[in-house]
1. Relative to the present Cα-Cα distance, how much length would full extension add between A:Met1 and A:Glu72 at 0.36 nm per residue of separation?
2. Pop the C-beta distance of B:Ala220 and B:Val62 into the FRET formula with R0 = 25 Å and round what comes out to the nearest 0.05.
3. Please label the shape of the stretch A:136-256 as rounded, prolate or oblate, based on the square roots a ≥ b ≥ c of the eigenvalues of the alpha-carbon gyration tensor (a/c under 1.5 means rounded; beyond that, a/b larger than b/c means prolate, else oblate).
4. Could you check the spin-label model distance between B:Val55 and A:Val312? Points 7 Å from the Cα along Cα→Cβ, value in nm.
5. How much length, in nm to one decimal, is gained on full extension between A:Glu283 and A:Glu212, taken as 0.36 nm per residue of separation minus their Cα-Cα distance?
6. Would you work out the charge dipole size for the protein assembly as shown about its Cα centre, treating the Cβ of every Lys and Arg as +1 and the Cβ of every Asp and Glu as -1, and quote it to the nearest 20 debye?
7. Find the percent of Cα-Cα distances in chain A that exceed 25 Å, and round it to a whole number.
8. Order of B:Met199, B:Met104, B:Met297, A:Met142 from fewest to most other C-beta atoms within 10 Å?
Amino acid sequence: MKTFLQLRGIDKTLGRVRALRGVDLELGDDELLVVLGPTGAGKTTLLRVMAGLERADAGSVHMAGEDVGQWEPAQRDVAFAFQNFALYPDWSVRRNLAFPLRAPGRQLAESEIKRRVDWVAELLRIERLLDRPSVQLSGGEMQRVAIGRCIVRRPRLFLLDEPLTNLDAKLREELRVELALLRRALGIPMVYVTHDGAEALSMADRIAVLSEGCVLQVGAPEIIYRQPNSPLVARQLGQPAINLFRARSQGGHWVVGREGALAPTAVGQGAECTLGVRPEDIEPDGGPSAARVRVVEDAGPTWILLVDWLGVSVHIIADKTRRYDPGQQIWPRVAAERVVSWEASA
Amino acid sequence: MSFLQLDGLAKTYADGTQAVKGIDLVCEEGEFAVLLGPSGCGKTTTLRMVAGLEVPSAGRIVLGGVDIGPWPPRRRDVGFVFQFYALYPHFTVRENLAFPLENMAVAAPECRRRIEEIAARLRVGDLLERYPRELSGGDQQRVALARAMVRRPQLYLMDEPLGTLDADLRLVMRELIREQQLNDGATTLYVTHDQEEAMSLADRIVVMEAGTIRQHGTAAEVYARPASLFVAHFIGSPGMNFAEGQVRDGAFHAGDFVWPLSVQCPTGPVTLGIRPEFVRMADGGALRGEVVLDEYMGACRYVHVQTPCGRWVLRTDAGQRAVLGQVAALQLDPEQVRLFDGQSGERIG
């Protein structure tokens, strides 16, 4: 895979806010990069810098080896899909889809326009909607059409800014899968911005975690999920979120409170750290110290338990081979090899 | 003993729209019941009728043995929580919480005690002297909940109270609501379109569609034995896998996919359904297809397989990476196969 997009040392200040601080990122020519972060992390600004809608204060943007820092958005040939898609309500779906192909400077024959619109309609399974006015579409259909309008002209780069955020849960799940399938069929590099950890994990080739304008970690979903380099990164992924404990090194173990020896360590006696334990890496039984179940939630294939353990509230994902009740005592056991530790910094 | 009882409750608007088409529902005292369904199914209208904010076109609402139909909202002693916080912006948190109690003429010391107790429970004890605009969305929603709960009404009505919160906060609030409800034992009627929220909170889920109740039962019942294709699809994320086919000679047939049936099932069109966690790849599996998508979810993995019966999803171990393009044979857990009538969509096995 070749590098298609390259950002080096991007700084951007908006008003008084330093929206981006020295961002380095690369995107392969057939890659889907998810930029994950909370509201205000700088995700949308980063996309706008890629699209050419914002000029960086410092740093460089290269596309296919060319410095595009001074290029206008149209020259960059980038498609940008927003959270709130704006279709022309009175136009038919077909006319909306054809719109980008009729832009000034594009001299496409009507037969070619029709061929491309039909192609994209088939890809997104919206053929039967082509002659309807957009205003009659459901939310999910509108989102499909809007995505179709972005890909119909086969841009060099596809930028998506939280495209599923405003949809209800069921539809979000369906469209997430469709986007992932579509993307395989297209072969266009994509940058996908979201604050939803499940979308990031399931769709990304690589995830870049952004916080306060800085890239905290970049890597494959499995790496970010299993080996996050900070508690902040760890908490961006996973539902329920990772459990965090303060621990002290004692007799070759990281110990939480007085008796919670959760993982072996070679660090010297008395050192302190933060431990991260994913809810699915705790078994409800077989451990040495007791916990009390507070809330039991049915998550379909599993239970989600909220328990008091070692002086903190802890989530456990338990399988459905038995049942649990509030107030019940259990004996959690941690899969020690899956525990992540971060040394306490000064 | 039934605490809240709806008999033939219906709402038809002036323009002829039948929002609720005569539903019957019984809630036990202390029960947490969730009305679940897509938008337009009548769940919110039902809740508003119980609150007294809509006048039913027909039917009765019985609360604690009394027909409260003719009662104005104030007299019904219900605590209502909306999706939007609706706090008084010029009142502090403490004043917002005191407001419902002052209306009930609760004595000042008792009022103070109750406010502090509920504020501590919902973790807004440090925010009592602040104004709503100084609070985050999550804290505002906690205060809105506290305000509904401080009166200790006999019934809570909640209309998508977690609607606008982000995923982490939703989970926290969900647990808070559940814990608080278990503590004070108040009967709760809760409306949502989010099946995950319904599953996790409910003692009983009431699935609604097009103004009628399609099924009610515990989360486990509704999940394992959905009454119809609609419920099967709506509950669960990802939803159930389906294959449309025919029953003949004691087996289900959909092209090359043949599934012998252990139960009696009449000959004719049938849809077979099974949840993603009860399908696995195994040599000699009954249904064959090609792996088209492998979704890593952290705690598990969803593998999508394109079969002649449509795209099926398997829930597998996070560590079991699937290979795109790989041909897969799917094995079904016989205990977990469900059958639905091909015409009506009702479950028949």
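Taken together, the values in this text are just the output of simple stated rules run on the coordinates, not laboratory data. All values derive from a computational prediction rather than experimental measurement. For neighbour counting, all protein chains shown are included, and Cβ atoms are generated from backbone atoms with ideal geometry for every residue, glycine included.
1. Length difference between fully extended and current span is 22.9 nm.
2. 0.35
3. Here the stretch A:136-256 falls in the prolate category.
4. About 5.7 nm separates the two model spin labels.
5. Result for the pair: 22.0 nm of gain on full extension.
6. Using Cβ point charges on Lys, Arg, Asp and Glu, the protein assembly as shown gives about 960 debye.
7. Cα-Cα pairs of chain A separated by over 25 Å account for 61 percent.
8. B:Met104, B:Met297, A:Met142, B:Met199
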